[in-house]
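See structure below.
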Amino acid sequence: MMPMGTENKAVRIFFTGVGGQGTLLATRLVGEAVLEENLPVLMSEIHGMAQRGGVVESSVVLGSASSPTVADGEADVIMAFEPLEAARALPKCNVKTIVITNTTPILPFTVATGQSTYPDTGALYGMLEPQIGELIKVDADALAGSVQAERSSNVVMIGVLAGTGILPVSKASWEQALRKILPPRLIEANLRAFESGYQAGAKKSRVRK
């Protein structure tokens, strides 16, 4: 599969999750990795509540674009760090959108207090799949735990994105972005998390081909 952006057209990536999942870091990693390839990139401000539990949204647009905004129906890639947020991002999608979602639910406050119930994840996926190009489901929390990087499921997700080859960014550039952004004490664990996601994403890429 030819990576998106190889003809320098705009590629729009929409990030969605909840506070405490590292959406800001993931967004910065993608932007920095694209810059490592000397490609034009725009990154939006983070929108939403940064504290744990609040919905957080951001975007990265690479290639020829004048705005970092991802309008409804424009997303090429959705990075959803939580399954319910993946479903809520459906208005951003079109029939070619690739959605990469973590499969671990984070219960909203209303669910935790018994005021509502969390939707069945199978139903959420069933709602998404007929309306998009591809759904890639990742148990990012389990992958992070398997390499003793329990707090790095967001980096696992970025590894999956990298491994699929969707973006015209080399593995070396992804790793260099990690080294630039993270403090030294966190680099090794996050490189392990990235690698675990990268391998999972590469398998998805082979299946796609």
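For LEU29, are the conditions met, namely being open to solvent by less than 10 Å² (accessible area, probe 1.4 Å), more than 14 Å from the chain's Cα centre (by Cα), closer than 19 Å to GLN176 by Cα and modelled with pLDDT of 90 or more? I'd like the intermediate steps shown before the answer.
Working: open to solvent by less than 10 Å² (accessible area, probe 1.4 Å): yes; more than 14 Å from the chain's Cα centre (by Cα): no; closer than 19 Å to GLN176 by Cα: yes; modelled with pLDDT of 90 or more: yes.
For LEU29, the condition - open to solvent by less than 10 Å² (accessible area, probe 1.4 Å), more than 14 Å from the chain's Cα centre (by Cα), closer than 19 Å to GLN176 by Cα and modelled with pLDDT of 90 or more - is not met.
Please determine whether any residue of segment 144-151 is in a loop (DSSP other than H, G, I, E, B) and surrounded by 20 or more Cβ atoms within 10 Å (Cβ to Cβ). Can you show your working first?
First, the residues of segment 144-151 that are in a loop (DSSP other than H, G, I, E, B): 147-151.
Remaining after also requiring surrounded by 20 or more Cβ atoms within 10 Å (Cβ to Cβ): 149.
Scanning segment 144-151, I find at least one residue that is in a loop (DSSP other than H, G, I, E, B) and surrounded by 20 or more Cβ atoms within 10 Å (Cβ to Cβ), so the answer is yes.
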Complete set of residues in segment 162-183 that are of a type in the set (S, T, N, Q) and surrounded by fewer than 23 Cβ atoms within 10 Å (Cβ to Cβ): SER170, SER173, GLN176
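From the set of residues in segment 56-74 that are assigned to a loop (DSSP other than H, G, I, E, B) and of a type in the set (S, T, N, Q), which is least open to solvent (accessible area, probe 1.4 Å)?
If we filter segment 56-74 for residues that are assigned to a loop (DSSP other than H, G, I, E, B), which is where we start, we get 63, 65-74.
Applying the additional criterion that residues be of a type in the set (S, T, N, Q) yields 66-67, 69.
Working: SER66: 120, SER67: 45, THR69: 88 Å².
The residue in question is SER67.
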Scanning for something under 30 Å from GLU74 (Cβ atoms), among the polar types (S, T, N, Q), within 18 Å of the chain's Cα centre (by Cα) and at pLDDT 95 or above, does segment 103-119 turn up at least one residue? yes
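Within segment 184-197, can you find the residues that are open to solvent by 50 Å² or more (accessible area, probe 1.4 Å) and not basic (Lys, Arg)?
So the first thing to find is which residues in segment 184-197 are open to solvent by 50 Å² or more (accessible area, probe 1.4 Å), and the list is 184-186, 188, 192, 195.
Hits for segment 184-197 are PRO184, LEU186, GLU188, GLU195.
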Hey, does segment 124-143 have a residue that's open to solvent by 10 Å² or more (accessible area, probe 1.4 Å), on the phi > 0 side of the Ramachandran plot, in contact (Cβ under 8 Å) with a residue 24 or more places away in the chain and in a loop (DSSP other than H, G, I, E, B)? no
The residue from VAL99, VAL77 that alone is surrounded by 23 or more Cβ atoms within 10 Å (Cβ to Cβ) and free of Cβ contacts under 8 Å to residues at least 60 places away in the same chain is VAL99
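The values are calculated or read from the model by the stated rules, or taken from the named source; none is laboratory data. Every value quoted in this text rests on a predicted model; they were computed, and no experiment measured them. Quick reminder, even Gly has a Cβ in these numbers, built from the backbone with ideal geometry, and neighbours come from all protein chains shown. The area values use the complete protein model at the heavy-atom level, side chains included, leaving out ligands, DNA and RNA. Shrake-Rupley method; radii C 1.70, N 1.55, O 1.52, S 1.80 Å.
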